[in-house]
1. Report D for the chain in µm² per second (integer): Stokes-Einstein, Kirkwood Rh on Cα pairs, 10 °C, 1.306 mPa s.
2. In terms of Cα to Cα distance under 29 Å, which lysines are near enough to residue 139, apart from those fewer than 8 places away along the same chain?
3. Quick one: which residues, 5+ away or cross-chain, put their amide H under 5 Å from the amide H of residue 162? H built at 1.01 Å from N.
4. Where nothing but the Cβ of Lys and Arg (+1) and of Asp and Glu (-1) is charged, how large is the charge dipole of segment 92-214 around its Cα centre, in debye to the nearest 20?
5. Go ahead and run the numbers for FRET between residue 19 and residue 96, Cβ-Cβ distance against an R0 of 35 Å, rounding to 0.05.
6. So what is the relative contact order of the chain, in percent, for Cα pairs below 8 Å that sit 6 or more residues apart?
7. Within the chain, which complete DSSP H helices have Cα atoms spanning at least 24 Å along the helix axis and a mean Kyte-Doolittle hydropathy of 1.6 or higher?
8. Sequence gap at least 6, Cα distance under 8 Å: using those rules, report the relative contact order of segment 92-214 to the nearest whole percent.
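Here, each number is a calculation from the coordinates, and none is a lab measurement. Given the structure is predicted, the values throughout are model-derived calculations rather than measurements. Glycine also receives a Cβ, built like all others from the backbone with ideal geometry; neighbour counts cover every protein chain displayed.
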Amino acid sequence: MRRTCDRVLAKGLMSPGVAVFYASVLGIVGTMLLWTIANMLSVAIVLVGFTIYVCVYSMYAKRCSTYGMLIGSLAGAAPPLAGYCAITNRFDMGALILLSIFVLWQMPHAYAIAIFRFNDYTAAAIPVLPVKEGILIAKKHIIGYILAFMAAVLMLTLFGYTGYNYLAVVAVFCLFWLSIAWSGCKASDDRLWAKKQFILSILTVFALSIMMSIDFTVSAAPGMLLTRAP
């Protein structure tokens, strides 16, 4: 695949054994630090995310299932979820909303990559949705996931975790992202359209992350309390 041919392992600059050893050291040290500084809940989330990504997604679902990306998105949502639980030390409504947001965001983001690199995925026989079901079906899924993502980001404000400045900024990015997705139904150049989708997905999640960080509330929904890091 052109998108991975310049990576260290693909170019033979590092042996698989060294790569596994290096990754293992980083994983063990990182887990120990998280256990020491944060809490067991965040450690558990990270380990579950690792297991899903390495064992379930990379070793099986990626090459055997059209919806492997959906499984992989659970692992992709683990870092922000673990960060939230490291502060709150509980899995509450805020955690569930964050999990939903980052799972839903990854799907149109990943499908855009699959369309942009369609020939790569076809040559590598990776059964992503655009390759197996067609680009038009993937475009419809992208629109659906963006709509679901918009509903999820709204939940943070409705449940009192973020303010209206967050909502206003994120809504603008979401609507622009949705408009680009919708235009894909009549796009003459799928590759160019997918590249725009990819860029918009990055800008949207960047704006989302910034606004969540600066426009949050200490008190959440009734019976819930968020605490600031010391």
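1. Values: Rh = 19.2 Å.
For these conditions, the coefficient is 83 µm²/s.
2. Reachable lysines: 62, 186, 195, 196.
3. Residues meeting the criterion, in which the H sits 1.01 Å from N, are 157, 217.
4. Numbers: 8 positive and 5 negative charges, 61 e Å.
Dipole of segment 92-214, to the nearest 20 debye: 300 debye.
5. Numbers: r = 35 Å, r/R0 = 0.99.
The value I calculate is 0.50.
6. Values: 262 pairs, mean separation 41.1, N = 230.
About 18 percent, as a whole number.
7. Details: long enough: 16-37 (31 Å, 1.74); 93-116 (35 Å, 1.76); 135-158 (34 Å, 1.92); 164-183 (28 Å, 1.62); 190-214 (36 Å, 1.08).
The answer, listed by residue number, is 16-37, 93-116, 135-158, 164-183.
8. Numbers: 120 pairs, mean separation 40.2, N = 123.
Here the relative contact order equals 33 percent.
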